[in-house]
C-alpha cells in the first residue's frame, strides 16, 4: 500500500463559508422562482455579508485562506494549465493556480450580484434597501443587469464544478477536503505549494481575535441596511 501524507488545509471559517455560499445561492434562486421577494432580499443581504467576511479573511485568515498564498502570476497560471493538459501537473495542498484565480472571480461576481440587488425592484411591491437613492430608470437597468448576472454567476459555478470533477478523475478529491479540512497525497506525489500554505504563526487567541474583528466588519452592512 502506498504511504500517504495528510495536510491540513482551509480553516473552518473558509469551509463553513463555502457551503453557506452553496446553500444561499440555491435559496436565492428558489425564493426568486417562487416570488418570495421579501426573503430573497434578506438572503441577498446575508450573501453580501458573507462575501465581505471572505474578502477580509483573505488578508488575515490562516495560510491557505489568504489571497497572497494562492493567487499566482499569469505566467504561473498558464504554465500550470499547460502541464495539466499534458498530464504532468503537480499537486497543490491549497488552491492550485487556476482554482486560485476562480476564488476572487466568484467572490466578486457574488459581491456584484448582492450590491446590484440593493438597488433593484420588481416594479410591484419589493424594492432593494438602496432603491430610493437612485432614479427609477437606473433602478430598472440595474435590475435587468442583476437578473442577467445570475446566469453569468451560474456559468462560473458550472466551471467550478467541472474543475472539481476533473480533479476527481485525476485522483484528487476536493469535496472531502472542503468538509474535513484535510488533504491526502501519496508520498510520491509532487507538492508544489507546501511552503506557501505553512501557517504564518500566531496563537489560537490571535486567530479568534481576527475572526471576531472580521465578523464585526462583515455584519456592519446588515446592521446599516436594516436601519434604513
Inset, instruction - Would you mind finding the one in 186, 173 that is more than 13 Å from residue 4 (Cα to Cα), in contact with a strand residue (DSSP E or B) (Cβ under 9 Å, 6 or more places away or on another chain) and modelled with pLDDT under 90? - result: 173
Inset, instruction - Evaluate the following for residue 77: is it under 23 Å from residue 57 (Cβ atoms) and at pLDDT below 95? - result: yes
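Residue-wise test of (1) over 23 Å from residue 215 (Cβ atoms); (2) touching a helix residue (DSSP H, G or I) at 6+ places or on another chain (Cβ under 9 Å); (3) at pLDDT 90 or above.
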{"residue": "65", "(1), (2), (3)": "no, yes, yes"}
{"residue": "69", "(1), (2), (3)": "no, yes, no"}
{"residue": "86", "(1), (2), (3)": "yes, no, no"}
{"residue": "93", "(1), (2), (3)": "yes, yes, no"}
Legend entry - The lone exception for residue 155 - which of (1) loosely packed, with under 12 Cβ neighbours inside 10 Å; (2) part of a loop (DSSP other than H, G, I, E, B) it fails: (2)
Inset, instruction - Enumerate the pairs (first residue in the stretch 164-187 and under 12 Å from residue 15 (Cβ atoms); second residue anywhere and modelled with pLDDT of 85 or more and in a helix (DSSP H, G or I)) with beta-carbon separation below 7 Å, excluding pairs fewer than 6 apart on the same chain, so at least 6 apart or on different chains. - result: 174/164; 175/164; 178/15; 178/18; 179/15; 181/12; 181/15
Inset, instruction - Determine whether residue 117 is exposed (fewer than 12 other Cβ atoms within 10 Å of the Cβ), part of a helix (DSSP H, G or I) and at pLDDT 95 or above. - result: no
Legend entry - Filtered residue count, the stretch 120-131, keeping only those that are out of contact with any strand residue (DSSP E or B) (no Cβ under 9 Å at 6 or more places or on another chain) and either touching a residue at least 24 places away in the same chain (Cβ under 8 Å) or surrounded by 11 or more Cβ atoms within 10 Å (Cβ to Cβ) (or both): 6
Inset, instruction - Report those helices (runs of 4 or more DSSP H) wholly inside the stretch 6-108 carrying at least 1 residues which are in contact (Cβ under 8 Å) with a residue 24 or more places away in the chain and buried (at least 18 other Cβ atoms within 10 Å of the Cβ). - result: 12-33, 37-60, 67-70
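The values are calculated or read from the model by the stated rules, or taken from the named source; none is laboratory data. No experiment lies behind these values; they were computed from the predicted model shown. Glycine also receives a Cβ, built like all others from the backbone with ideal geometry; neighbour counts cover every protein chain displayed.
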